[in-house]
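What follows draws every value from the coordinates through simple rules; no lab data is involved. Quantities reported herein were computed from a predicted structural model and do not represent experimental measurements. Glycine gets a Cβ as well: all are built from the backbone with ideal geometry, and neighbour counts include every protein chain shown.
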Amino acid sequence: RVLIPGDIASIVEQRLLREQPEALVADVLVAAHHGSNGSSSAAFLAQVQPSQVLYSAGWGNRFNMPRPEVLDRVAATGARQWSTARSGALSVRSDGAGGFVLQRERALRPYGWRGADLGELESENEHELPP
């Protein structure tokens, strides 16, 4: 399961935790509001139990998203973290056997659009996510 909460804030997370906690469990979470500190609370992350968290954020964005506090909260859960700022476009697709495959655009075409050095990247392109 993939959970895409959009731009919800902590007040909406709290409401979802009260009213529909069972609907929140997901293998893959697209972090709310680009990883701002006003979302992805510890309680929300504990209920979702993601193995992978994706952030939609631009490289060097002025808001410094995803926020370090959110990165720390997610790291404490043991989930693997991916950001479009570092990896380019991220695609998640079914592997046909109940799991998922994550593909990173920048691993396919490293820095082709700009030639920028964005830091050390992992060499593999696809990562099996647990079912």
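Computed FRET efficiency, Cβ-Cβ of residue 11 and residue 80, R0 22 Å: what is it to the nearest 0.05? Walk me through the intermediate numbers first.
On the way: r = 28 Å, r/R0 = 1.26.
Using R0 = 22 Å, I get an efficiency of 0.20.
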*asked:* Using alpha carbons only, how many angstrom separate the centre of the range 48-88 from the centre of the range 12-34?
replied: 16 Å
*How compact and how long is the range 1-47, expressed as Rg and Dmax of its alpha-carbon atoms in Å?*
9.5, 24
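By the gyration tensor of its Cα atoms, with a ≥ b ≥ c the square roots of the eigenvalues, what is the shape of the range 26-87: rounded for a/c under 1.5, prolate for a/b over b/c, or oblate?
On the way: a/c = 2.03, a/b = 1.50, b/c = 1.35.
Judged from the Cα gyration tensor, the range 26-87 comes out prolate (a/c at least 1.5, a/b above b/c).
If you place +1 on the Cβ of every Lys and Arg, -1 on the Cβ of every Asp and Glu, and leave all else neutral, what size is the dipole of the range 45-104 about its Cα centre, to the nearest 20 Debye? Spell out each step's value before the answer.
Numbers: 7 positive and 3 negative charges, 34 e Å.
That gives the range 45-104 a dipole magnitude of about 160 debye.
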*Label points 7 Å out from Cα along the Cβ direction at residue 103 and residue 62: separation in nm?*
3.5 nm
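If R₀ is 22 angstrom, what is the calculated FRET efficiency for the pair residue 49 and residue 89, using the beta carbon separation as r and rounding to 0.05?
Working: r = 25 Å, r/R0 = 1.16.
For residue 49 and residue 89, the calculated efficiency is 0.30.
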_Residue exposure sequence - 22, 69, 13 - by fewest surrounding Cβ within 10 Å_ = 22, 69, 13
